[in-house]
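Reviewing the structure listed below.
The values are calculated or read from the model by the stated rules, or taken from the named source; none is laboratory data. These numbers were taken from a predicted model, which means no experiment stands behind them. Don't worry about glycine lacking a Cβ; one is built from the backbone with ideal geometry, like all the others, and counts go over all protein chains shown.
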Amino acid sequence: MIASRFRTILYTAMAVVAVAGLADATYLTVQALTGETLSCGGSPDCFRVLGSSYAKLGGIPVAMLGALAYFTVFTLATFAAFGYPWASRFLALIAGAMFVMTLWLLYVQAFLLHAYCRYCLFSAAITFLIAGLLIAVPPSARRSGA
């Protein structure tokens, strides 16, 4: 009973955190699609990162893929909170893919572009938080999905 309640709280927290990531990624997607200038507090690094060739994957803005991923996490975390066992399995796959992509994008910012985007760093923090919350789900609950 306690593990079930704790599981529900963790999945609910993941859903809430995913909404923050969705807002960030949606803002960056709109910027990428409209060509609008971001308000980065006067930092030229944002423009270097978001204007680089790494900001698109196959012609699709990475931010749009992020928005889709965050929406998927929100949806799956909500289903998992209501006890659907399949949702927790898919959630682990999506969060794992997001984590790996985030590590790659952080590497790109640090070692290839030598510039950091505040919005991208916020997204990375959100992804790390989602991964941490997923790891915190009690092991028996993760295995059985209950």
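Quick check, is S39 more than 30 Å from P139 (Cα to Cα) and of a type in the set (G, A, S)?
So S39 passes the test.
Are there any pairs, at least 6 apart or on different chains, whose C-beta atoms fall under 7 Å, with the first in the range 64-89 and on the phi > 0 side of the Ramachandran plot and the second part of a loop (DSSP other than H, G, I, E, B), and if so, which?
Between residues of the range 64-89 that are on the phi > 0 side of the Ramachandran plot and residues that are part of a loop (DSSP other than H, G, I, E, B), the close pairs are G83/A146.
Out of all the residues in the range 27-53, which are small (G, A, S) and either assigned to a loop (DSSP other than H, G, I, E, B) or loosely packed, with under 11 Cβ neighbours inside 10 Å (or both)?
G35, S39, G41, G42, S43, G51, S52, S53
Tell me, please, whether a residue that is out of contact with any Ser or Thr (no Cβ under 8 Å at 6 or more places or on another chain) and of a type in the set (F, W, Y) can be found in the range 10-26.
No: zero hits.
One line per residue, one yes/no per condition, for (1) surrounded by fewer than 16 Cβ atoms within 10 Å (Cβ to Cβ); (2) at pLDDT 95 or above; (3) not hydrophobic (A, V, I, L, M, F, W, C):
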position	(1), (2), (3)
A63	no, yes, no
T72	no, yes, yes
R89	yes, no, yes
A92	no, yes, no
G96	yes, yes, yes
V100	yes, yes, no
C117	no, no, no
A131	no, yes, no
A141	no, no, no
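Pick from A77, A110: which is within 30 Å of A3 (Cβ to Cβ) and assigned to a helix (DSSP H, G or I)?
Result of the check over A77, A110: A77.
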